[in-house]
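Asks: First the structure, then my questions, so here it is.
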Amino acid sequence: MSGQGQVSFRNIVKMHGEFAALKGVTFDIKPGEFFALLGPSGSGKSTTLRILAGLDAPTDGRVLIDDKDVTSTDARDRDIAMVFQSYALYPHMTVAENIAFPLEMAKLPKAEIAPAVKDAARKVKIDHLLDRKPGQLSGGQQQRCALARAIVRRARLFLLDEPLSNLDAKLRLETRAELKKLQRSLGVTAVYVTHDQEEAMTLADRMAVFMSGEIQQVGTPAEVFARPNSIDIAGFIGNPPMNLVPARYVDGDVIIAGHRLKTTTTTAGERDVVAGLRPGALRMTENGLGGRVDLIEDLGDTAVLDLDCAGTMIRVRVADGNIPGEGDMISITARPQDIHLFDPATRMRL
Amino acid sequence: MTARRFRIIALLGISTVFLLAWAFPIVWSVLNSLKTDTDVLAYPPKLVFSPTLEAYRDVLFGSGSILPNLLSSIIISVGTTIVTMLMAVPAAYALARLRFRGKKLAGFYVLATQMLPPVGIIIPYFLVLRNIGWIDTYQGIILIYLSFSLPFAIWLLVSYFEDIPFEMEEAAYLDGASRLKTLWRIIIPQVRGGIAVTVVFVFLNAWNEFLFAVVLSGNTVRPVTVAMFNFVSVEQTLWAKLAAVSVLAMLPVVVLGVVAQKHIVKGLTVGAVKGGGRR
């Protein structure tokens, strides 16, 4: 039953009347990959997943799975399993019946269904709950039941639409780790929609970052973190978010709040830019960019300082034991490779 | 405390007045059905009397037995209910779920038929049935009953279908179920309560119907609501027998009402909370 699970989106457009939910989206997912669709709400990531599942039809463009055009293939003929945000468990069926349903629909013989259901339930640790109805399960157990129903069929593609968003914080972290292990052990291609950059960063092998109906960047979490393509991605990825401050570029240097810093760019000339500085990439130094500590957020092992640099607010993450007092004047600097430059007009990376 | 007590007493008083007003005809029927014709006409009315089942024996097994009429009522009510549900369930599902041209208009006409005064359409119905020779036939009466039971059933069922999240169906499609299978295996089991309520309502409406029945029935097909009036004639009214038939005719209503009470109350409110239930 299981295929390869390779996905290609070719210039997918989705119109809702006049509104373009997707403005020509192209990307590829490799077999066995854990691929995240990341973006703020309304950016088109869920629409993309629904088009991949076959629940919505694109206005234009092609969807290919394992090199076969499935754009007009029915959802139920695509061999795709999905976990919904609401879990969409069938409330009138027991856990076992819920998990068995896709196998029944595939007309598997009864003798094969029972062990498959047990096996799937064991993988997500709910094999002691098989006789319960979904209404008698906790949120976390319901989520596992939805996972079991999705993995039982060994579909070639495993879609997850914000599966962790209804869990409390602690359970979310636990399930996140288990989800990753589960996907690894099954070796199935997973496509994961989330608005939580941390989830995407920790789970995904690669991710596509959506902004207002377009993919602005595709890459590994490390790549996207290290070289964000645009101001929007720079501000979206990372916690606390990257400082994005207006600056002036002069012959390879960048002037921020009157202080000159070296960059890796060497082109001559002068222009306005937006400089991006990760809070964690800034270090305290002598004779650097000076500012007054306005506020300290102590996170235990590190602290985040709000620094007022002549009217420009810059946040700095410093290690514990190195924390200045509120109202202190300090000065900071960044290595040239840690300074990101963006065009304020196009909002793209320079 | 006194204000609270006063409110409770006032509420109880008002409830008692309404209860008496509504219960009176039923109590009257039950009591009179157990009297002899002489006791019925006694003045002042006898509250203490020796009860007899004579009236019941007469109306059930006497010369003018209403057993055939009870059978007619059952055939008409069950027939109407079955045909209505067979058509209303898919129609309500379509109205609740699918997007199609004219859906809004269809939804409006379903309701609009409910607003027509029955007296206004009874003559045309009679003429139509007479022209196709369906006066005094089961199919004729059931067909006419469908014209009001079907819109009612659809309207009631739509709100139940709308309560089921879309994702449930989408999950079923992705699990490999066809649309029909999804309806049968996933959706219908979840609206069982709504279907039960609708069945009860449709059945009772058909069972209690009198106005159309009296015009469209005849000697072959005569439901019990019409047959009751055999006991009312120009010379005399056989009160005990009339009361006995009334009680017999009420029986299924009361039984169904008690059995389905919980569901019926929910059925009455389900449209209310959702603002009519139709978008």
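What follows draws every value from the coordinates through simple rules; no lab data is involved. Every value quoted in this text rests on a predicted model; they were computed, and no experiment measured them. For neighbour counting, all protein chains shown are included, and Cβ atoms are generated from backbone atoms with ideal geometry for every residue, glycine included.
Asks: Suppose only helical runs count, i.e. DSSP H with n ≥ 4. What mean residue ellipticity at 222 nm does that imply for chain A under -39500 (n - 2.57) per run, divided by all residues and rounded to the nearest 500 deg cm²/dmol?
Replies: Working: 8 runs with 84 residues, N = 350.
Mean residue ellipticity at 222 nm (helix-derived): -7000 deg cm²/dmol.
Asks: How big is the C-alpha Rg of region A:84-219 next to the rule-of-thumb value 2.2 N^0.38 Å, as a ratio? Could you put the intermediate results ahead of the total?
Replies: Values: Rg = 15.5 Å, N = 136, 2.2 N^0.38 = 14.2 Å.
Taking N as the residue count of region A:84-219, the ratio is 1.09.
Asks: Something else now. Rounded to the nearest 0.05, what FRET efficiency do B:VAL255 and A:LYS23 give with R0 = 56 Å and r taken as the Cβ-Cβ distance? Could you check? Numbers along the way, then the final one.
Replies: On the way: r = 63 Å, r/R0 = 1.12.
The formula returns an efficiency of 0.35 here.
Asks: So, one more: Name the residue, out of A:PRO324, A:PRO228, A:PRO40, whose mean-square fluctuation peaks in a Gaussian network model built on chain A with Cα pairs under 10 Å.
Replies: A:PRO324
Asks: Additional query: Hey, how many Å between the Cα centroid of region B:1-33 and the Cα centroid of region A:184-214?
Replies: One Cα centre to the other: 66 Å.
Asks: Work out the count of Lys pairs in chain B where the Cα-Cα distance is under 25 Å, with the pair 8 or more places apart or on different chains.
Replies: On the way: B:LYS35/B:LYS46; B:LYS35/B:LYS241; B:LYS46/B:LYS241; B:LYS103/B:LYS181; B:LYS103/B:LYS274; B:LYS104/B:LYS274; B:LYS262/B:LYS274; B:LYS266/B:LYS274.
So the count of such lysine pairs works out to 8.
Asks: Sticking with this one: Measuring from a point 7 Å past the Cα of B:ASN219 along Cα-to-C-beta, which residues in region B:122-154 have an amide N at less than 17 Å?
Replies: B:135-138
Asks: A follow-up question, please. Which ³J(HN,Hα) values, rounded to whole Hz and listed in residue order, are derived for region B:133-139 from phi using the Karplus coefficients 6.51, -1.76 and 1.60 in 6.51 cos²θ - 1.76 cosθ + 1.60 with θ = phi - 60°, glycine and proline given as x?
Replies: Residue by residue, region B:133-139 yields x, 10, 5, 6, 10, 5, 4 Hz.
Asks: Evaluate the Kirkwood expression for the hydrodynamic radius of region A:175-245, namely the inverse of the mean inverse distance over all pairs of different C-alpha atoms, and round to one decimal in Å. Before the final figure, lay out each step's value.
Replies: Numbers: mean 1/r = 0.0771 Å⁻¹.
Evaluated on region A:175-245, it is 13.0 Å.
Asks: Based solely on its DSSP helices, what 222 nm [θ] is calculated for chain B when runs of n ≥ 4 H residues each add -39,500 (n - 2.57) and the sum is averaged over all residues, nearest 500 deg cm²/dmol? Please list the in-between numbers first.
Replies: On the way: 13 runs with 198 residues, N = 279.
For chain B, the value works out to -23500 deg cm²/dmol.
Asks: For B:SER63 and B:ILE8, what is the calculated FRET efficiency with R₀ set at 60 Å and r taken between the beta-carbons, to the nearest 0.05?
Replies: On the way: r = 54 Å, r/R0 = 0.90.
With a Förster radius of 60 Å, E is 0.65.
Asks: Here is a further query. Could you calculate the FRET efficiency of B:TRP22 with B:PHE166 from 1/(1 + (r/R0)^6), where r is the beta carbon distance between them and R0 is 35 Å, rounded to 0.05?
Replies: Details: r = 43 Å, r/R0 = 1.22.
That pair, B:TRP22 with B:PHE166, gives E of 0.25.
Asks: State the antiparallel share, in %, of DSSP beta bridges confined to chain A, rounding to the nearest 5.
Replies: The answer is about 80 percent antiparallel.
Asks: Which of the lysines could a cross-linker bridge to A:LYS45, judged by Cα under 29 Å and excluding same-chain residues fewer than eight apart?
Replies: Within reach: A:LYS14, A:LYS23, A:LYS30, A:LYS68, A:LYS123, A:LYS170, A:LYS180, A:LYS181.
Asks: Between the helical axis of A:95-105 and the dominant principal axis of chain A, each derived from Cα atoms, what acute angle in degrees is found, rounded to the nearest 10?
Replies: On a 0 to 90 degree scale, this one is about 70.
Asks: Let me ask another. Please report how far the C-alpha centroid of region A:59-105 lies from that of region B:188-241, rounded to the nearest whole angstrom.
Replies: Taking the Cα centre of each part, region A:59-105 and region B:188-241 sit 48 Å apart.
Asks: Moving to a separate point now. Near A:LYS125, which aspartates and glutamates are there with a Cα under 19 Å away, not counting those fewer than 8 places off in the same chain?
Replies: Result set, ordered by chain and number: A:GLU97, A:ASP168, A:GLU174, A:GLU178.
Asks: Could I ask something else about it? Translational D (Stokes-Einstein, µm²/s) of the protein assembly as shown at 4 °C and 1.567 mPa s when Rh comes from the Kirkwood sum over C-alpha pairs? Please list the in-between numbers first.
Replies: Numbers: Rh = 31.1 Å.
Taking Rh from Cα pairs, D becomes 42 µm²/s.
Asks: Right, something else. If you take the charge dipole of chain B about its Cα centre, with +1 on Lys and Arg Cβ and -1 on Asp and Glu Cβ, which of B:ILE121, B:LEU150, B:VAL27 is farthest toward its positive end?
Replies: B:LEU150
Asks: Same structure, new question: Run the paramagnetic zone check for A:MET329: 7 angstrom along Cα to Cβ, then residues of region A:257-277 with backbone nitrogen under 19 Å.
Replies: Inside the label zone: A:257-260.
Asks: Please report, for the Cα atoms of chain A, the Rg to one decimal and the Dmax as a whole number; what are they, in angstrom?
Replies: Gyration radius and largest Cα-Cα distance of chain A: 24.1, 76 Å.
Asks: So for the pair B:MET87, A:LYS107, with labels modelled 7 Å out along Cα→Cβ, what separation do we get in nm?
Replies: Taking the simple label geometry, B:MET87 and A:LYS107 are separated by 3.4 nm.
Asks: Compute the relative contact order of chain B as a whole-number percentage, counting only Cα pairs closer than 8 Å that sit 6 or more residues apart in sequence.
Replies: On the way: 268 pairs, mean separation 83.4, N = 279.
Once normalised by length, the contact order is 30 percent.
Asks: At what distance in nm do the modelled label points of A:ALA226 and B:GLN190 sit from each other, each positioned 7 Å from its Cα along Cα→Cβ?
Replies: 4.7 nm
Asks: Now a separate question. For chain A, with a Gaussian network of springs between Cα atoms less than 10 Å apart, report the residue from A:THR194, A:THR265, A:THR47 with the top mean-square fluctuation.
Replies: Top of the fluctuation ranking is A:THR265.
Asks: Out of every Cα-Cα pair in region B:3-59, what percent are more than 15 Å apart?
Replies: On the way: 978 of 1596 pairs.
Here the long-distance tail beyond 15 Å is 61 percent of all Cα pairs in region B:3-59.
Asks: Output wanted: per-residue J couplings in Hz (rounded whole) for region B:64-74, from phi through Karplus 6.51 cos²θ - 1.76 cosθ + 1.60, θ = phi - 60°, x for Gly and Pro.
Replies: x, 4, 9, 4, x, 6, 4, 4, 4, 4, 5
Asks: Using θ = phi - 60° and the Karplus relation 6.51 cos²θ - 1.76 cosθ + 1.60, list the HN-Hα couplings for region A:112-127 in order, rounded to whole Hz, with x at every Gly or Pro.
Replies: Rounded to whole hertz, the list is 8, 5, 3, x, 5, 5, 4, 4, 5, 5, 5, 4, 10, 6, 10, 5.
Asks: A further question follows. Amide H neighbours of A:THR189 under 5 Å, at least 5 residues apart or on other chains, H built in the peptide plane: list them.
Replies: Counting only residues 5 or more places away or on other chains, the set is A:GLY32, A:PHE158.
Asks: A further question follows. Computed on alpha carbon atoms, what radius of gyration and Dmax characterise region A:207-301, expressed in Å?
Replies: Expressed in Å, the Cα Rg and Dmax of region A:207-301 come to 15.3, 45.
Asks: Choose one answer from A:THR175, A:THR264, A:THR48: the residue with the largest mean-square fluctuation in a GNM of chain A with alpha-carbon springs under 10 Å.
Replies: Taking springs between Cα atoms under 10 Å, the residue moving most is A:THR264.
Asks: Report, in cubic angstrom per residue, the convex hull volume of the C-alpha atoms of region B:62-278. Each step should come with its number before you reach the end.
Replies: Values: hull volume 33.0 nm³, N = 217.
In region B:62-278, the Cα convex hull volume per residue is 152 Å³.
Asks: Hey, fewest Cβ within 10 Å first, where do B:VAL214, A:VAL191 land in order? If you can, show how the numbers build up before the last one.
Replies: Values: B:VAL214 14, A:VAL191 26.
Going from sparsest to densest Cβ surroundings: B:VAL214, A:VAL191.
Asks: To continue, here is another question. Specify the inter-centroid distance of region B:89-147 and region A:317-350, based on alpha-carbon positions, in whole Å.
Replies: 73 Å
Asks: Any idea what log10 I(q)/I(0) is at q = 0.19, 0.20 Å⁻¹ for region A:1-131, Debye with uniform C-alpha scatterers and no solvent?
Replies: -1.14, -1.19
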